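A.B. asks: Have a look at this one before I ask anything.
Bear in mind these aren't lab numbers, they're just calculated from the coordinates by the rules spelled out. These figures come from a predicted structure and were not determined experimentally. Reconstructed Cβ throughout: ideal geometry from the backbone, glycine too, with neighbour counts over all protein chains shown.
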Amino acid sequence: MTAQLIDGKAIAAKIRAQVAEGVTALVSKTGVRPGLATVLVGDNPASHTYVRMKQKACAEAGIESFGFDLPADIAQEDLEIIVRDLNQRVDVHGILVQLPLPAHLDEQRILSLISLDKDVDGFHPINIGRLAMKGREPGFVAATPAGVIRLLDEMKVPLAGTNAVVLGRSNIVGMPVSLLLVRRDATVTICHSRTHDLPEVIRRADVLIAAVGRAQMVKADWLKRGAVVIDVGTNRIDDPSTKSGSRMVGDVDFEAAKEVAGMITPVPGGVGPMTIAMLLENTLTAATRLAN
Ligand code: NDP
């Protein structure tokens, strides 16, 4: 292996320990314990797992969590009432509505009802808009994109003036990561399903962020030697050699790519753990601001 491994697990553990210290300090100074409300609608097993992981991480950091498990057929008005109530509660500093919501619900409207002060997921349209504007600061940045940038910072990867390629343009990952990279003075190319000659575009990347959701799509010979590769993708593939018969892989062909890249994140153990760490950090930030 020639690439340096970016150990997201270790970096996330460090951030989580810092958040726990921050929570202790906030409680002793102000008596305020940060609280995160998790709003989960329906029975999507993956969403249930994510929410459980977030609640467990909250508990470990000393953050109170308030879980709202709601039926899949909840009416729009009833969900809106719950969000409005959470906006008013003094013991709730962050509100997380687990996405995706069932199709009959107006996701955009729900997200825009969350108080800007409590938008720890960073998906309020105003926070996204501020992210895109020069000279404006979003109150919160979504956890996965923020985690990607934190990994680059922790590894001391210079961004200003570099060619960064972002593979994917979703609201949740690709687009906000691209905006964050522009704010850090990278020259950013955003690729998507209609991009022509993807390998050629990716070969120009000093920094590649892959967030496409296609198992091992990015091949080693698409990479510039020494490129920094952040793999956001989480894809399950069959693997009869494992107990469960499957395993997680990223969007990058890791085994081959690590011989070409300068630095690379593994999947699992790269971006994944950062997402939760950044959510905890955002919740502590929200509580600190509201306590002051
Ligand atoms: P989306 O499906 O919302 O977006 C995928 C993007 O990839 C789209 O912009 C799409 O283009 C583009 N794309 C799809 N196929 C191709 C292709 N063949 N060539 C080029 N571009 C393509 O996914 P998300 O952004 O939500 O997630 C991306 C990955 O990141 C997933 O594997 C997901 O599981 C993972 N993820 C991981 C997280 C973590 O904590 N580690 C958190 C969030 C996501 P177009 O816009 O044209 O359709």
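A.B. asks: For the chain, build the charge dipole from Cβ charges (+1 Lys, Arg; -1 Asp, Glu) around the Cα centre, then report which of 103, 71, 218 sits farthest towards its positive end.
C.D. replies: Toward the positive end, the furthest listed residue is 218.
A.B. asks: Cβ under 9 Å from residue 33's Cβ, residue 33 left aside: what net charge do those residues give with Lys, Arg +1 and Asp, Glu -1?
C.D. replies: Summing Lys/Arg as +1 and Asp/Glu as -1 gives -2.
A.B. asks: Another question about this same structure. What net charge do the residues around residue 10 carry, taking every other residue with its C-beta under 14 Å from that of residue 10, with Lys and Arg at +1 and Asp and Glu at -1?
C.D. replies: That works out to +2.
A.B. asks: Which value in deg cm²/dmol, rounded to the nearest 500, describes the helix-derived mean residue ellipticity at 222 nm for the chain, given -39,500 (n - 2.57) per DSSP H run of n ≥ 4 and division by the residue count?
C.D. replies: -13000 deg cm²/dmol
A.B. asks: Kindly work out what percent of the DSSP beta bridges joining two residues of the chain are antiparallel, to the nearest 5.
C.D. replies: Close to 10 percent.
A.B. asks: Where the only charges are on Cβ atoms (+1 Lys, Arg; -1 Asp, Glu), what is the dipole of segment 149-204 about its Cα centre, to the nearest 20 debye?
C.D. replies: 60 debye
A.B. asks: Further question: Amide H of residue 114: which non-local residues (sequence gap of 5 or more, or other chain) have their own amide H closer than 5 Å, using H built in the peptide plane?
C.D. replies: Placed amide hydrogens put nothing under 5 Å from residue 114.
A.B. asks: Ok, one more. Measure up 118/243; 29/56; 56/224; 56/156; 134/258; 56/243 against 32 Å on the Cα-Cα distance and list the ones that go over.
C.D. replies: 118/243; 56/224; 134/258
A.B. asks: Give me the distance between the Cα centres of segment 1-32 and segment 164-238, rounded to whole Å.
C.D. replies: 27 Å
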